[in-house]
Amino acid sequence: MTAAPAGQPCGQTTRPPAHRILVIKLGALGDMVQALGPMAAIREHHPDAHITALTTAPYEAFLRASGYVDDIWLDARPRWSQPGVWLELRTQLRAAGFQRVYDLQTSGRSSLYFHLLWPDPRPEWSGIARGCSHPHANPDRDRMHTLERQADQLFAAGIAHVPDVDLSWADADTRRFDLTEPICLMAPGGAPHRPAKRWHADRYTALSRNLAALGVTPVLLGATAETGLLSSIARACPAARNLCGETTFFDLTALARRAAGAVGNDTGPMHLLAAAGCPCTVLFSRESDPTLCAPRGPAVTIVQRPDLQDLSASDVMSALQEIAPGLPPLTSG
């Protein structure tokens with residue numbers, strides 16, 4: 001459970017008479033997963049409200065299934081060269097008559113949407129936009145883990161309790177993949193513009209071969225943009241199952257419940273697997289700070305090295321063994 005700060009919530013301490021609520025969360029996947037607890041808290045705080053989520057296309061079906069929102073708007077993310085699109089967004093926001101907005105994206109873009117609603121009257125607004133009614137003004141916000149930062153933001157808006165992420169509603173039939181258990185999920189990808197966040201494909205290959213030798217099926221997960229990376233690992237380890245581009249978010253949560261464990265870089269799917277309860281070993285380099293953004297779940301261990309290439313397959317397997325004792329021990333690195 002994410003604890004609220006000590007003291008009493010400032011501002012409104014009873015449910016405000018808000019009938020139309022907007023929640024802004026545009027992405028990316030890891031951030032979206034970590035926003036699900038706050039969304040559940042907003043739903044609980046406004047049980048009779050009509051709640052709309054402003055998001056992007058990859059998350060539409062996922063948020064619709066959550067039960068936390070009643071409607072989905074897709075953000076076109078207009079460029080400055082598209083004044084007509086900006087005007088349409090402004091008209092849509094003003095016409096909706098929202099009483100309160102929870103900006104969980106808290107970016108320059110989402111804060112701009114607050115100013116887009118000028119002149120007053122503007123809705124109550126929880127976020128970091130200058131002049132908003134419920135600002136998250138904690139000077140330490142940029143040094144807080146995402147979950148604690150969002151809980152603190154909602155606390156300032158009168159919501160004292162934010163639950164853990166609950167993915168019990170997200171499920172799928174994964175029998176079509178015809179996987180031989182036990183399985184170990186792997187997420188070798190990550191942001192293409194930050195290659196230092198990735199453990200090398202050769203190390204994932206070595207780990208896959210070691211797991212396969214012990215009777216564990218390595219299952220490779222990733223988006224279509226990572227086809228080349230995952231295909232290279234699968235070619236080098238024929239026992240691995242390559243599900244690149246074949247899985248939905250619902251599939252990932254279902255596979256997480258079947259898996260003996262998971263290994264991956266600091267990348268979005270690991271947040272989903274961890275929150276679904278899979279024992280996860282997440283690899284961090286100097287490129288990102290786990291104190292600010294590490295996946296959270298009931299069984300997560302972080303392995304960090306300045307350079308991930310200093311990690312061997314046996315290093316990572318040993319770390320996974322500590323939280324996934326059902327996996328057979330690794331005998332060679």
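Basic side chains Lys and Arg get +1 at the Cβ, acidic Asp and Glu get -1 at the Cβ, and with that the dipole of the chain about its Cα centre reaches some 500 debye.
Toward the positive end of the charge dipole of segment 37-133, with +1 on the Cβ of Lys and Arg and -1 on the Cβ of Asp and Glu, the farthest Cα among LEU89, PRO78, SER126 is that of PRO78. In terms of modelled amide H atoms, which long-range or inter-chain residues lie less than 5 Å from the amide H of THR217? Answer set, sorted by chain and number: ILE183, CYS184. In this rough spin-label picture, where each label sits 7 Å from Cα along the Cβ direction, the HIS193-ARG235 distance is 2.9 nm. When only the Cβ of Lys, Arg, Asp and Glu is charged (+1, +1, -1, -1), the dipole of segment 235-321 relative to its Cα centre reaches about 300 debye. Global size of segment 20-156: 14.1, 40 Å for Rg and Dmax (C-alpha atoms, Rg to one decimal, Dmax whole). This model, with +1 at the C-beta of Lys and Arg and -1 at the C-beta of Asp and Glu, gives segment 133-286 a dipole about its Cα centre of some 560 debye.
Sorted fewest first by neighbouring Cβ atoms within 10 angstrom, LEU22, LEU273, LEU63, LEU117 come out as LEU117, LEU63, LEU22, LEU273. Ordering GLN150, CYS237, THR248 by the projection of their Cα atoms onto the charge dipole of segment 145-293, which places +1 on the Cβ of Lys and Arg and -1 on the Cβ of Asp and Glu, puts CYS237 at the extreme positive end. If a/c stays under 1.5 just call it rounded; otherwise compare a/b with b/c (prolate if a/b is bigger, oblate if not). Do that for segment 232-292, with a ≥ b ≥ c from the square roots of the Cα gyration tensor eigenvalues. Oblate.
For segment 175-323, the alpha carbon convex hull comes to 96 Å³ per residue, rounded to a whole number. Antiparallel beta bridges, as assigned by DSSP with both residues in the chain, represent about 5 percent of the total such bridges. Considering helices alone, the calculated mean residue ellipticity of the chain at 222 nm is -9500 deg cm²/dmol, with DSSP H runs of length four and up weighted by -39500 (n - 2.57) and normalised per residue.
For ALA172, the residues whose modelled amide H falls within less than 5 Å of its own, excluding neighbours fewer than 5 places apart on the same chain, are ALA254.
Here the extension length gained between ASP48 and ASP142 equals 30.6 nm, from 0.36 nm per residue of separation less the Cα-Cα distance.
Give me the percent of Cα-Cα pairs in the chain that sit more than 37 Å apart, rounded to a whole number. Above the 37 Å cut-off, the chain has 23 percent of its Cα pairs.
Please determine, in degrees from 0 to 90 and to the nearest 10, the orientation of helix 146-156 with respect to the longest principal axis defined by the Cα atoms of the chain, where the helix direction is its Cα long axis. Helix 146-156 sits roughly 20 degrees off the main axis of the chain.
None of the figures in this text is laboratory data; all of them are computed from the coordinates on show. No experiment lies behind these values; they were computed from the predicted model shown. Methodologically, a virtual Cβ is constructed for each residue, glycine included, from the backbone with ideal geometry; neighbour enumeration extends over all protein chains shown.
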